[in-house]
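Heads up, the thing below is written out as C-alpha cells.
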Amino acid sequence: MSQLKKGALLTYLKIILTNIIGIMMTPFIVSNIGKDEYGIFNAIGALIGTIALLDFGLTNTVVRFVAKYRAEKDREGEENFLATIRLLYLVISVLVVLLGVIFYFFIDSYFTKFSAKELEIAKIMFAILIFNLAIQLPGMIFTGICKGYEAFVFPESVGIIRYLLRSATIVAVLLLGGRAISLVIVDTIFNIFTISVSAYYVLVKLKVRFKLHKLSKKYIIQIFKYSTWIFVFSLVGMLQWKSGSWILGSMSVPKVLGIYGIGIALGTYYGTFSTAISSVFLPRATQMSVNNASGEELTNMMIKLGRLSFIILMYVLGAFTLYGEQFVNLWVGGGVSEDDVRYTIQECREIYIIALMIMVAYTIPLLQAFGNSILEAKNKLSFKAILYLVFMVLGAIVGGVLAIQYGAVGMISGLIIGWLIVQNTMNFYYHKKIGLNIIRFFKELLHKSFPVVISVVVIGYFINYIPGDGWLNFIFKGSAYTTVFVLLMYFLGMLDYEKELFSKPIASLLRRK
C-alpha cells in the first residue's frame, strides 16, 4: 500500500480518535473546570490563534516548494529553500514573543466582563500559550517536509500517539485537581515532544539537509509571494473560527464563550472528515499542475474526492440534523440553572443551532476542497483569498452587530452569510478561470447518492419517534440510522470503484484472520 493511501487511512484513524475522544473529553473537562473556565480557555485559544497568523503561511509553503523541488529533482534548491525558511521562522518566533508581551498588558481592558480572578487565569494561560506558539511554529517545518516528501505515515502515527497520551494525561491531571491552566501546560509539553520526534525523523531517516547556498532578497520575495496568499487564507480561517470568540469576548461573560466554542468545535469535527482526504493530495495536485494536467483531468480527481467526502459528510450531517439536539443535551447538558457547571436545555439548544448552521454552510467548501489544492498548486490563490477576506470581515462585522441581541447564534449567523456568498462566487471562478467543469462536478457528485440521502433522512425522521431520551435511546436511534444509511448507500448510492474502495480493506482483514 502506498504512503498516500496509508497516510489517508492513518489520517482518518486520527480523525476518528480525535473526534471520539474529543467528544468524550469535552463534558469531562467542563464538569471538572466549570463552564466559565472553559469559556476562558476558548477565548484565550482564539487570541493565540490570531497571533499564530505570524506563520505567514510558511507551513503550507514548505509542502508546496518541497514537492516542487522533488518533482524537478533539484536537491540544492530544496536545501537552500529549507535553510531560508528556518531563518524566517526564527524571526517569526521573536515577533510572536514581542507581540505576546505587548498584548499581555492589554488583557484587562479587553475582557471587560471578566472578574479579577478570571482575568488572572486568562493572563497565566496566555503567557504559557505564547511560549508554546513560539516553539510550535518553527517546529511545523518538519511536518511540512514530511508532506512534501509524501511520507505521511510517520507524522500521522506520531499525531495519533501524541493525542492518546495527551488525553490520558489530561484525565489524570484533572482527576488530581488540575484546572484550565493545567491543560495548556500539558499541551506545551506534548508539543515539545512532537517537534523533537519529527525533527529526528526528518533529519536522520529522510536525511533532509538545511544548507544555505545563497540568501538573496529576490529568493525571499519569491517565497513570500506564494506564502502571502496562504497567509491571507490563514487570516480568513481566523475570521471564520476565531473572530467570533474575540468579538464575543469583548462583550460577553465567559459562559457565552463556552457555548460558542463548543458549537464551533462540533462544526470543525464535521470538517475534519473531509479535509483528511484533500490534505494528502496537495503534493499530487502540485505534480498534476507541473505536468500541465487538463481541466477535465483535474475535474475527474475533484469528483472522485468530492463523492467520497459527500458520502461521509451526508452521513454525519443527516445524523446530527435528526439527533443532534438530543446528543448535545446528553453530552454537556443536565444543568437546571445558569449557575450549574453543566449547560441548561436552552444553552444546549444554542450549541446545537450553531453547530448545525456551520455544518450546512461548510458542506460545499468541503466537497470542493481539492479545488483549493489546485489553486495552491497553480499559485492562483489571490482571487479567492481577497474575496474570502472581504466577505469574512463583513461577516464578522454583521455577526458582531447581531451578537448584541442574539449572542453566540447571532455571531455565527453573520459569518455564515459571508461564507455562503463567497462559495457561490468561487464556483463561477473555478469554472471560468481554472477550467474545472463545475456543472459536471455537481451532476456526478449527486448521481445515485443524493436520492439515497433523501431516503435515509426520511426514514431517519420516523426513527426519531422511538420513545425515550437517554443514552441507550440515542444509541439505538443512531445504530438504526447507520444501518439504513450503510445498506442503502452501498447497494444503491455508490459507484463500483467506491464499493471496492470501502470493501477491499475489510476483505483484506478477513483474509488475514
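The values are calculated or read from the model by the stated rules, or taken from the named source; none is laboratory data. Note that the coordinates shown come from a computational prediction; the quantities given were computed from them, not determined experimentally. All Cβ positions, glycine included, derive from the backbone under ideal geometry; neighbour counts span all protein chains shown. Note: accessible area is taken over every heavy atom of the protein model, side chains too, but ligands, DNA and RNA are not part of it. Shrake-Rupley method; radii C 1.70, N 1.55, O 1.52, S 1.80 Å.
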On the full set of protein chains, 1.4 Å probe, figure out the accessible area of LYS225 and give it in Å² to the nearest 10.
140
Could you please put MET125, MET314, MET357 in sequence from largest to smallest accessible area, using a 1.4 Å probe?
MET357, MET314, MET125
Could you tell me which residue out of VAL398, ILE466, ALA67 lies farthest along the dipole of the chain toward its positive end? Charges go on the beta carbon: Lys and Arg +1, Asp and Glu -1, centred on the Cα centre.
ALA67
Accessible area, probe 1.4 Å, largest first, for residues HIS447, HIS213
HIS447, HIS213
A 1.4 Å probe over the protein heavy atoms gives segment 176-237 a carbon and sulfur accessible-area percentage of 67
Rounded percent of accessible protein surface that carbon and sulfur make up, segment 44-133, 1.4 Å probe:
68
What are the chymotrypsin sites (Phe, Trp or Tyr not before Pro) within segment 85-154 that DSSP puts in a loop, where the Cβ has at most 10 other Cβ atoms within 10 Å?
PHE105, PHE106
Let me know the shape class of segment 49-146, please: from the alpha-carbon gyration tensor, a ≥ b ≥ c as square roots of the eigenvalues, rounded when a/c is under 1.5, otherwise prolate if a/b is greater than b/c, or oblate.
prolate
If you add up the charges near ASP187, with Lys and Arg at +1 and Asp and Glu at -1, over every other residue whose beta carbon is less than 15 angstrom from its beta carbon, what do you get?
+3
By its C-alpha gyration tensor, with a ≥ b ≥ c as the square roots of the eigenvalues, how is segment 291-445 shaped: rounded for a/c under 1.5, else prolate for a/b larger than b/c, else oblate?
oblate
Is the shape of segment 94-250 best called rounded, prolate or oblate, per the rule: a/c under 1.5 gives rounded, else a/b larger than b/c gives prolate, else oblate, with a ≥ b ≥ c the square roots of the Cα gyration tensor eigenvalues?
oblate
Cβ-defined net charge surrounding VAL452, 14 Å radius [Lys, Arg +1; Asp, Glu -1]:
+2
So, for the chain, what is the accessible surface per residue at a probe of 1.4 Å, expressed in square angstrom?
45
Accessible area, 1.4 Å probe, largest first: how do LEU472, LEU389, LEU95 sort?
LEU472, LEU95, LEU389
Quick test of the membrane-span-like rule: which DSSP H helices of the chain reach at least 15 Å along their long axis (C-alpha atoms) with mean Kyte hydropathy at least 1.0?
75-104, 116-148, 153-175, 180-200, 345-367, 382-429, 449-463, 471-488
Taking segment 392-488, which chymotrypsin sites (Phe, Trp or Tyr not before Pro) meet the DSSP loop condition and have no more than 16 other C-beta atoms within 10 Å?
TYR465
ARG349: accessible area at probe 1.4 Å, nearest 10 Å²?
90
Could you look at segment 333-470 and say what percent of its accessible area is carbon and sulfur, using a 1.4 Å probe and all protein chains?
68
Compute the separation of the alpha-carbon centres of segment 436-502 and segment 73-110 and state it in Å as a whole number.
45
How much solvent-accessible surface does THR483 expose, in Å² to the nearest 10, with a 1.4 Å probe and all protein chains in place?
80
Please report the relative contact order for the chain, taking Cα pairs under 8 Å with a sequence separation of at least 6, and give it as a percent rounded to a whole number.
20
